[in-house]
Amino acid sequence: KTIVIATRNPGKAKEFKKIFAEKGYHVKTLLDYPELPDVEETGKTFEENARLKAETIADILKQPVLADDSGLIVDALDGRPGVFSARFAGEPTNNAANNAKLLHELTGVPKEKRTATFHCTLVFAAPDKESLVVEGDWSGAIGTIPRGDHGFGYDPLFFVPEEQKTAAELSDERKNEISHRGKAVAKLRNQWENWLKN
Ligand code: ITT
Ligand code: NA
């Protein structure tokens with residue numbers, strides 16, 4: 001059993017590999033298909049961008065494809081960087097520069113106003129089918145110094161109150177249990193066997 005995920009983000013690829021390996025699936029990503037195009041994310045919403053990625057690659061490969069569009073919604077920044085999370089500090093994605101920009105924009109913002117949400121929309125597309133869409137959210141707060149070296153992206157700055165740790169201080173297993181992506185995948189699994197049959 002193989003599942004193709006339309007991502008070139010190595011952090012996402014690692015998380016999906018672990019999540020689906022536990023269910024007996026082998027994951028392939030666009031890192032395994034260097035010849036496939038980068039899909040331009042022209043959408044205004046997570047769902048539009050996830051659809052663009054999943055449906056474009058499903059059309060090319062003629063098989064079911066999953067895509068993830070995700071990002072960090074910071075309340076004190078009116079929801080930015082949101083769908084622009086990967087390219088907050090410019091393109092190509094530079095995680096260190098993104099984190100530095102986030103800290104800079106939150107300079108002087110007190111702890112209680114640093115609340116933020118990680119969002120993940122997953123779209124599962126297959127040729128000649130209506131796509132399946134699920135979402136997950138994870139609430140936390142933006143710290144003032146990066147902590148931890150697990151995970152990827154904004155994880156070292158994303159403080160999870162229930163754990164009293166940043167996302168980058170959680171084990172990979174724990175992050176997958178409680179993250180925006182983990183929650184979205186749990187919803188997907190409830191629906192996709194049925195969806196694949198219809
Ligand atoms: P693909 O489109 O190839 O999947 P991408 O990195 O461009 O890769 P997105 O457009 O969905 O993906 O951008 C998501 C960004 O949001 C990602 O680059 C991170 O900066 C951030 N992000 C999403 N999920 C995250 C997580 O679990 N931990 C930390 N940062 C995350
Ligand atoms: Na992207």
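Residue count for segment 12-43 under the criterion of being under 14 Å from residue 69 (Cβ atoms) and either more than 14 Å from ligand 2 (Cβ to nearest atom) or of a type in the set (Gly, Ala, Ser) (or both): the result is 2.
Considering (1) closer than 24 Å to residue 65 by Cβ; (2) at pLDDT 95 or above, the lone condition that residue 144 does not fulfil carries the number (1).
Of the residues making up segment 140-148, none is surrounded by 15 or more Cβ atoms within 10 Å (Cβ to Cβ), within 15 Å of the chain's Cα centre (by Cα) and either more than 16 Å from ligand 2 (Cβ to nearest atom) or without any contact (Cβ under 8 Å) to a residue 24 or more places away in the chain (or both). Taking the criterion of being more than 7 Å from ligand 1 (Cβ to nearest atom) and either crowded, with 17+ Cβ neighbours inside 10 Å or among the basic types (Lys, Arg) (or both), the residues of segment 78-94 that qualify are 80, 81, 82, 83, 87, 88, 89.
Those residues that are closer than 18 Å to residue 134 by Cα, more than 12 Å from the chain's Cα centre (by Cα) and crowded, with 23+ Cβ neighbours inside 10 Å, I need them from segment 40-65; list them, please. The answer is 53, 54, 58, 65.
Within segment 5-39, if we keep just the residues that are within 10 Å of ligand 1 (Cβ to nearest atom) and over 13 Å from the mean Cα position of the chain (by Cα), the residue that is surrounded by the fewest Cβ atoms within 10 Å (Cβ to Cβ) turns out to be 38.
The values are calculated or read from the model by the stated rules, or taken from the named source; none is laboratory data. Everything quoted here is computed from the prediction, not taken from an experiment. Cβ: placed from backbone, ideal geometry, glycine included. Neighbour counts: every protein chain shown.
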